[in-house]
């Protein structure tokens, strides 16, 4: 019996099981090739024991480690990963940066309102002295300020510190969620913040450095834009309430950024366009979910007789429709662009129908 | 460039090879020092392909086994030549310093050491 003739069913099955850690799209292109390479190499070690190897052979620990390393590299999308995985990781890093930017801008607005006073949120008249009894009451509203240094740390390449700061900034929201279990308006932003912190994990030593200038410009532009918020006072009160809360600002950001990205993209989209479009589509999904959650809370909290109720809820629904109108095209174009990118990066030849599908 | 990538490119000089034959050639070329696993090999091939150093040559089914053959691109040849020159220069520098040290202390040069 030759090596090739040996019934390699069990050995193959065990190796295929190991390959399940690889991303499905990569496995669809590579699995058979990798299995046959593995089986051939195992038979060549002891050709006379091919039958025994076929039945009792298993992937070695070193082989398992090598496949696991490959899976991690693909899923993390390092600079040298195939284009589709690289762009997906880039989109995740963009989600982290966009999310941090929005959280930091909101924190800056709160900081300004709390300590500097604003035309729409007056500064508290008398600050109570801090003591052990009210320590939590002082810390909790100010903890989100940590999103500002978290954003700065990510922009300047210190992602792990940013994750730590984000985790601390999230604690008061977590406490609020546990206190007001029935309010989606606590749970959804908690989910958003957990997602942002997790997305920061896509920044690693082997990923490209953040191009700082556009993000610092975006931060500055955001701060300047927030100073225009008093203009919202010209709207009816209920509209203003839904426009200048945190999900309201996320909706505004999506409505400004998504059309700009859609209009400025190359045709067909290049890798950078795809990464940005997928990120803004994720931001749109978060804004939609968050707005829907707050609208649901308001529908419950505000009594039917409340004159603001209908205005607030209609404004929320309009916001969601507008966000969906720009977010869905961004998602469609981004996903199509992603699927056009190859799973394996060969500059010549074809790897079969699954290579780019 | 990792040692594994270096030997994978070296194995592909002048001949397209498939996965198992690359593994075998790398082990032989490195005198058994480098024995890449299958997962590692395909990681290296992906990296080298992303850099434009390797491309697909052809696909075949031989005795029921599916094989993809890979070949070195022109960029791959240049990349390997640069890396080989860099390693040769490093080796030369180390060898010269060792020879100088051996002469200074009257030590015998190590086996295989150029003096």
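The values are calculated or read from the model by the stated rules, or taken from the named source; none is laboratory data. Quick caveat, the model's predicted, so the values are computed rather than measured. Neighbour counts are summed over all protein chains in view; Cβ atoms, including those assigned to glycine, are modelled from backbone coordinates with ideal geometry.
Where helices (runs of 4 or more DSSP H) fall entirely within the range B:1-112, those with at least 1 residues that are over 16 Å from residue A:344 (Cα atoms) and either in contact with a strand residue (DSSP E or B) (Cβ under 6 Å, 6 or more places away or on another chain) or more than 13 Å from chain A (Cβ to nearest Cβ) (or both) are at B:3-11, B:19-29, B:74-105.
Touching a residue at least 60 places away in the same chain (Cβ under 8 Å) and not in a loop (DSSP other than H, G, I, E, B): is that true of residue A:210 in this structure? Here the answer is no, as residue A:210 does not meet what is asked. Scanning for something within 15 Å of the chain's Cα centre (by Cα) and buried (at least 17 other Cβ atoms within 10 Å of the Cβ), does the range B:58-65 turn up at least one residue? No: zero hits. When the range A:54-70 is filtered for residues that are within 11 Å of chain B (Cβ to nearest Cβ) and either in contact (Cβ under 8 Å) with a residue 24 or more places away in the chain or in a helix (DSSP H, G or I) (or both), the ones remaining, listed by number, are A:59, A:61, A:62, A:63, A:64, A:65, A:66, A:67, A:68, A:69, A:70.
Out of the residues in the range A:15-48 meeting the condition of being more than 34 Å from the chain's Cα centre (by Cα) and away from chain B (no Cβ under 12 Å), tell me which one is surrounded by the fewest Cβ atoms within 10 Å (Cβ to Cβ).
In this case the residue turns out to be A:48.
Only one of A:274, A:332, A:304 is assigned by TED's automatic domain parsing to the domain that holds residue A:95 and either under 25 Å from residue A:211 (Cα atoms) or crowded, with 22+ Cβ neighbours inside 10 Å (or both); which? So the residue among A:274, A:332, A:304 that is assigned by TED's automatic domain parsing to the domain that holds residue A:95 and either under 25 Å from residue A:211 (Cα atoms) or crowded, with 22+ Cβ neighbours inside 10 Å (or both) is A:274. The condition of being without any contact (Cβ under 8 Å) to a residue 12 or more places away in the chain and part of a helix (DSSP H, G or I) holds for only one of A:93, A:73, A:14, A:84, that being A:73. Only a single criterion out of (1) touching a residue at least 12 places away in the same chain (Cβ under 8 Å); (2) touching a helix residue (DSSP H, G or I) at 6+ places or on another chain (Cβ under 7 Å); (3) crowded, with 19+ Cβ neighbours inside 10 Å is not satisfied by residue B:34, namely (3).
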